[in-house]
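Taking it in order: structure first as structure tokens, then the write-up.
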Amino acid sequence: MKGVSLAPGDYIHFKSQVPLHKIPLLWSNYYVGFYENSDHGIAECCSGCAWNLPNSIGTKQWRYYDFGPKVVSPLICLPGIAGTADIYYKQIMSLSMKGYRVISVDIPQVWNHQEWIQSFEKFLDVINVHHIHLYGTSLGGFLAQLFAQHRPRRVKSLILSNAFLERRSFAAAMPWAPIVGWSPSFLLKRYVLTGIRDGPHEPFIADSVDFVVSQVETLSRDDLASRLTLTVDTATVEPLLLSDSFITIMDEVEKTKGKALSDSSIVDMVLYMGLKTNDYSAIPQQLKEQLSERYPGARRAYLKTGGDFPFLSRPDEVNLHLQLHLRQVGVEARPDLVQSIPKGGTGGSPSKENDKKKDPDDQPKDNGGNPESTSEESQLPLSSEIHSLDDQLLSDAKICSMDHEDAIILMQSQYTVVNRILQSACELFIFSLLPIYV
Amino acid sequence: MKFTQQYKATIGADFVTKELQIDDRDVTLQIWDTAGQERFQSLGVAFYRGADCCVLVYDVNVMKSFDSLDNWHEEFLKQANPTDPRTFPFILLGNKIDVDGGNTRVVSEKKAKDWCASKENIPYFETSAKEDINVDAAFHCIAKTALANEREQDIYFQGIPDAVNETEQRGGCAC
């Protein structure tokens, strides 16, 4: 990972202290976005066929951090298109030290909102979490609301940042949405990257952009494609059962109404700019206002500055608001259960702490209610792609040995083979067509 | 903002947002209220930083609340660490002037104004939150002061009008 040398010191410290977890994505209707026949009744599959495909390895999984006392109901951070679980590292470090439990996830490869809801629910079941508080930024805010709408008993409160109620206006502005899934990786990345480097930034914002850019580099083509597909999903957030008083809307205050992207600022929009949509400038503000109208009783937390990623550029203020929100909705921190993080590890080798790693497949142990075990559970070595590949192979192997529930994945593996071939052919084809679109 | 009789202790710190119109511009005030009881340690000092104005409130009927203003003033400057502490805008409110028709009052207007004069001429308002006396005027002044301060501070985005402010409210009294 070439980003490591540029990584900020506190991030290196974070990586050395907080284990990354990975679990396979159990509900993986992988190609449902392209072929709407996911329920072909193939009841059996060989255990090996799909797992050797290089592209299917290391992608279909939940990748997440989970830190802080397990007895506290967690704050779960959901990133936007360009984000990964890592972008919330400052929240994880700060809030966990104060006795809160923070989980941050990568949006996994799901291709529509139903899949998202089912997949996320299953994820929560697997990590043994029932009641949650969601902090969603941009696309993550949209997904948080959808989940709150469809699983009202689980979601106890929401914090939304740069979030929207519906994405349809974007779908219309994105004529080549249908081929997003087939566009090559470099092209998707280029759109994201050229966009977010836009404009003059204050130094701390520039740093946050750099960090996110380094994270975008780690995303696969399929990651980006699935998120884009989710973005143009026609789902709309319906009124929630959740009372407004359990919602906080945290936004950077708009400096000038209707001003173009650099300030109203969401990476998602940048993406559309990259996609040659015109006249988008009023959209974010309009959609933000729509959100405020939907939740008139929600608390409004304003950030003066912060750019696209205030949780990175203005962590103190964001953490303060998160903490106030959690306090407001009755989450009690347990500072007495905070494990003491050894000092002096900054930048050093994390290997000592990671030696306790029990099982490379990273299947989370069921340790709900046992706060002491946090640091010991399932640690992954840092920054080793080879390792994570190995891990993935191992965990995939483990899926194959699981029972009927996971047959869903196995059933699809045959499609996967065919689709892979089809897809590479199409990719070449589309790629040659792209200049016409762009 | 409406005054409610119901007393709710401020836990650490909390904020409310209020929208005002100043010179035809929409201004959003984010008003932080820290507890007089000084229990906001756990929240750190993030809400001090970036403040555009600090409102000190004391109870005209309680001498101790007036006496502690010096401490609060000093403490704020220490925590917020503004670029120029001497010009950072403060406003002083003498609250609860309605109580018992003013008979229980122990801090005179002159005394308060003298204190303000000794601190770079801080604007002073006598208010009653309960009777809604002077509250709007005070907040209008707060917003204007903060707005002016914000403009001076804005070195990165000159030319972009700022429609936003954050004020801080700290009370020597817990109301």
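The values are calculated or read from the model by the stated rules, or taken from the named source; none is laboratory data. Since we're looking at a predicted model, the values are computed, not measured. Neighbour counts run over all protein chains shown; Cβ positions are idealised from the backbone, glycine included.
Residue check: A:Gln91 meets all listed conditions (1) away from every other protein chain (no Cβ under 14 Å); (2) closer than 20 Å to A:Asp210 by Cα but one, namely (1). When the criteria are applied in full, A:Lys156 fails the requirement of being part of a helix (DSSP H, G or I) and either among the polar types (S, T, N, Q) or surrounded by fewer than 21 Cβ atoms within 10 Å (Cβ to Cβ) (or both).
Residue pairs whose Cβ atoms lie under 7 Å apart, sitting 6 or more positions apart in sequence or on different chains, and linking a residue in the stretch A:102-115 that is outside any strand (DSSP E or B) to a partner that is surrounded by fewer than 23 Cβ atoms within 10 Å (Cβ to Cβ) and acidic (Asp, Glu), are A:Gln109/A:Asp222; A:Gln109/A:Asp223.
On the stretch given as the stretch A:134-153, residues that are under 15 Å from the mean Cα position of the chain (by Cα) and either surrounded by fewer than 24 Cβ atoms within 10 Å (Cβ to Cβ) or of a type outside the set (Ser, Thr, Tyr) (or both) total 11.
In the stretch A:225-240, is there at least one residue being within 13 Å of chain B (Cβ to nearest Cβ), modelled with pLDDT under 85 and closer than 19 Å to A:Ile81 by Cα? Scanning the stretch A:225-240 turns up no residue that is within 13 Å of chain B (Cβ to nearest Cβ), modelled with pLDDT under 85 and closer than 19 Å to A:Ile81 by Cα. Strands (runs of 3 or more DSSP E) fully within the stretch B:1-93 that include at least 1 residues being surrounded by fewer than 12 Cβ atoms within 10 Å (Cβ to Cβ) and modelled with pLDDT of 70 or more: B:13-22, B:25-34. Of everything in the stretch A:196-219 that is surrounded by fewer than 21 Cβ atoms within 10 Å (Cβ to Cβ) and at pLDDT below 75, the residue that is nearest to the chain's Cα centre (by Cα) is A:Arg197.
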